[in-house]
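The values are calculated or read from the model by the stated rules, or taken from the named source; none is laboratory data. Bear in mind the structure is a predicted one, so any value in this text is a computation, not a measurement. Heads up, the Cβs are rebuilt from the backbone with ideal geometry, glycines too, and the neighbour counts pull from every protein chain shown.
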Amino acid sequence: MAQKIGLSFLSLLLIFGGLEFVARQVPVTGDAKTKLESLYLPPFPPKKPDYLRVFVYGGSSVQGLPVEKVGWVAQFDDQLRHVLGSKRDVEVYNLGWSGYNSTMVRHSLANSIAYQPDLLIVYTGENEFIYPQLDAYEGLRWLTALKNKSSLIKLILSRQQSPLAEYEPLSFKRPPYRVQWLYYQIKMWLFRHNLEQMVKLAKRHKIPLVLVTPTANIKDWPAVDAKVTTLDHPLPQNQNAGWLYQQGRFIEAKDWDLIPWRAHSDQNNFIRSLADKTTVWVADAETDYFLNSPDYLPGFNFTIDNVHPNKEGAYLIAKTIIELLQQQKMVKPDWWADTKPLASLEEYLRRVNFSRQDEFDIYFKTARYATKNPFFNFTAVKHYLDLAEKIERRDWRTAWLRAVIAWLETGKIVSPAGDLDLNLAKTQIPYIQEFMEAGK
């Protein structure tokens, strides 16, 4: 028996060795980077004496989409400098990027913590179900190490990997992740495991860590339609997000969204459970959203779409974190003895020269986002196009996006007047190619 196993193992080694030899003769033309290698970290200059250095990690809500100058990290940076005064030196590094899930955030933190941050801030939970892959950090590290030693693995990766699409095709259907019990539980375990490992890193390096509970549009953004998923059976009412939303049970509807791109209650409750007020603190932005919303239900008052804060929501998140720092004094405790009150949002907008063009960009980019699969939230699209056109009626993009939406809703082809640069339009208007082909 042992001899047979030995021969089988030897055969596998010979087969792999032969494939490896062949792979070394084939040029690698595609992108062979693993997901971890694709993450970007900026160069960090040497830390200056007596500076407060803050690293902020997360996805697109941290990056500041749709317009970064009014994102919550930009507002936090400005408010921190304002509150502490000009005599204090502060540097805030925004290490958020669109689509980062907790595995990517953990990798970013692990690979930047050596650059002497005084404070770590993590805002993650929205993107756990963007990628269908089970992104286990240890597995991705092993794959990266193996790829860098094997031409065969490098060749396989270069042929199979492709960048995340700007938007999914109209007919694309995702699995109903929320009701696939085993898959959902594995995803949730990975999320919890990644956060626990980030906590361990912070404790090992003795750096204060602030975890922020991700916020979401509870009241004014419905769960995805089951038709955009592969669900093939009816759901009981207590798991039917569409029915729950219609009944006004908004939190349950968010928590049972088939494609859970909004952090749900279990995630935020787990984040809260990690606070020890020794190394780890929680800035409970979600609770502050609830407390400051009509009927205690956050909607478009703080969130521009399903998850991205509007400028008012971003102000509240920045305020929540700064007030936590003032109260707990976990970093630079002597700096907080005599601080200024926070500036108003209006003062901040004046300082950053927030313009009508910025406002237009927020509305148009949100309309474009709401058009895409799996949302197809045409009510929100038309609402934001109305607001954009009050600022600028001559922008060709709003007219063409309206035409595409009309086609998606009714099937009618009514193209706006004037020539169109289709190559440019493809970068600006979702489904413009399909719209133009349908009109031929």
Restricting region 69-93 to residues that are surrounded by fewer than 19 Cβ atoms within 10 Å (Cβ to Cβ) and without any contact (Cβ under 8 Å) to a residue 24 or more places away in the chain, the residue that is farthest from the chain's Cα centre (by Cα): LYS87
Inter-residue pairs, beta-carbon under 6 Å, first within 7 Å of THR279 (Cα to Cα) and in region 199-214, second aliphatic (A, V, I, L, M) and part of a loop (DSSP other than H, G, I, E, B), 6+ apart: PRO208/MET330; PRO208/VAL331
Some residue of region 155-176 being buried (at least 19 other Cβ atoms within 10 Å of the Cβ) and modelled with pLDDT of 75 or more: yes
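Kindly indicate the residue of region 131-145 that is out of contact with any His (no Cβ under 7 Å at 6 or more places or on another chain) and not hydrophobic (A, V, I, L, M, F, W, C) and also surrounded by the most Cβ atoms within 10 Å (Cβ to Cβ) among those meeting that condition. Full working, then the answer.
Pass one, region 131-145, residues out of contact with any His (no Cβ under 7 Å at 6 or more places or on another chain): 131-136, 138-145.
Narrowing further to those that are not hydrophobic (A, V, I, L, M, F, W, C): 131-133, 135, 138-139, 141, 144.
On the way: TYR131: 15, PRO132: 11, GLN133: 11, ASP135: 21, GLU138: 10, GLY139: 12, ARG141: 14, THR144: 17.
That would be ASP135.
When only residues in region 285-315 that are acidic (Asp, Glu) and in contact with a helix residue (DSSP H, G or I) (Cβ under 7 Å, 6 or more places away or on another chain) count, which is surrounded by the fewest Cβ atoms within 10 Å (Cβ to Cβ)? So that I can check it myself, show each step before the final result.
Just the residues of region 285-315 that are acidic (Asp, Glu), to begin with: 286, 288, 295, 305, 312.
Checking the rest, the ones that are also in contact with a helix residue (DSSP H, G or I) (Cβ under 7 Å, 6 or more places away or on another chain) come to 286, 288, 305, 312.
Working: GLU286: 26, ASP288: 20, ASP305: 23, GLU312: 15.
Step by step, filter region 285-315, then rank; the result is GLU312.
Output the residues belonging to region 123-135 that are under 12 Å from the mean Cα position of the chain (by Cα) and either assigned to a strand (DSSP E or B) or of a type outside the set (Val, Ile, Thr) (or both). Before you say what the answer is, go through the steps one by one.
Our first condition is that a residue be under 12 Å from the mean Cα position of the chain (by Cα); within region 123-135, this holds for 123-131.
Within region 123-135, TYR123, GLY125, GLU126, ASN127, GLU128, PHE129, TYR131 qualify.
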Matching residues, region 236-260, being hydrophobic (A, V, I, L, M, F, W, C) and surrounded by fewer than 18 Cβ atoms within 10 Å (Cβ to Cβ): TRP243, ILE251
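Looking only at region 339-351, filter to residues that are more than 15 Å from GLU312 (Cβ to Cβ) and in contact (Cβ under 8 Å) with a residue 40 or more places away in the chain; which one of those is surrounded by the most Cβ atoms within 10 Å (Cβ to Cβ)? Explain how you work it out, then say what you get.
Of region 339-351, the ones more than 15 Å from GLU312 (Cβ to Cβ) are 339-341, 350-351.
Add one more test, that the residue is in contact (Cβ under 8 Å) with a residue 40 or more places away in the chain, and what stays is 339-341, 351.
Numbers: THR339: 16, LYS340: 10, PRO341: 7, ARG351: 11.
Here the residue is THR339.
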Residue in region 116-130 that is buried (at least 24 other Cβ atoms within 10 Å of the Cβ) and either in contact with a Leu (Cβ under 7 Å, 6 or more places away or on another chain) or not assigned by TED's automatic domain parsing to the domain that holds ILE259 (or both) present: yes
Test: THR398 is modelled with pLDDT of 95 or more, more than 24 Å from ASP225 (Cα to Cα), outside the structural domain of ALA241 (by TED's automatic domain parsing) and in contact with a helix residue (DSSP H, G or I) (Cβ under 7 Å, 6 or more places away or on another chain): yes
